[in-house]
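Read the structure below first, then the notes.
The values are calculated or read from the model by the stated rules, or taken from the named source; none is laboratory data. All values reported here derive from a predicted model rather than from experimental measurement. Using ideal geometry, Cβ is built from the backbone for each residue, glycine included, and neighbour counts are taken over all protein chains shown. These accessible areas exclude ligands, DNA and RNA; they are computed on the full protein's heavy atoms, side chains included. Shrake-Rupley method; radii C 1.70, N 1.55, O 1.52, S 1.80 Å.
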Amino acid sequence: DRLGGYPIYAPGGRRGALASLTYRFPIWRRNDKQTSWLTFKDVYGGIFYEAASAWNQGTSPTDDPTLARDYYSNVGAELRLNMGSFYTYPTTVNVAGAYALDDAKYVNPIFDVPVVEYNPQRRVYLNVGFGF
């Protein structure tokens, strides 16, 4: 999984930890409307909070003095559409928006390159897949 409010390299490290809390609720259940090969079934909404960190040495964040005492976090909301395609394949479309709550700095552990700083920003994701 990933920390949705940040670019993938923002936490930066070879080891990491991620915690996520999500509350998902039904908006429209048992719709069962069919259009062409798609059957629209359920719509769910959700809100979430995620926190993560990354480090390069040892097995825990406390083993690495250079680990960002930084735990980055974000909040967001999502809308999930539960469908069926071609009558049998469970299909989902998920649109999620996340907002980073903290500034992040990426320090490359291998190469001596400038530090990259990420300011809080909104990010939107669209996922289409099979299963729910």
Considering residues that are open to solvent by less than 100 Å² (accessible area, probe 1.4 Å) and among the charged types (D, E, K, R), the number found within region 104-129 is 1
Counted residues in region 98-132 being at pLDDT 85 or above and within 15 Å of Y44 (Cβ to Cβ) come to 2
Does region 76-90 hold any residues that are more than 14 Å from N127 (Cα to Cα) and open to solvent by less than 30 Å² (accessible area, probe 1.4 Å), and which are they? G76, G84, S85
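Which of the residues belonging to region 17-54 are among the basic types (K, R) and modelled with pLDDT under 90? Reasoning before the result, please.
Narrowing region 17-54 to residues among the basic types (K, R): 24, 29-30, 33, 41.
Scanning region 17-54 gives R29, R30, K33, K41.
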Every residue from region 11-38 that is open to solvent by less than 70 Å² (accessible area, probe 1.4 Å), in a strand (DSSP E or B) and more than 15 Å from N94 (Cβ to Cβ): G16, A17, A19, L38
Going through (1) closer than 24 Å to F25 by Cβ; (2) crowded, with 17+ Cβ neighbours inside 10 Å one by one, V93 fails only at (2)
When region 92-124 is checked residue by residue, the ones that are polar (S, T, N, Q) and in contact (Cβ under 8 Å) with a residue 24 or more places away in the chain are T92, N94, N108, Q121
Tell me, yes or no, whether region 55-67 has at least one residue that is out of contact with any Cys (no Cβ under 9 Å at 6 or more places or on another chain), open to solvent by less than 20 Å² (accessible area, probe 1.4 Å), in a strand (DSSP E or B) and at pLDDT below 80. yes
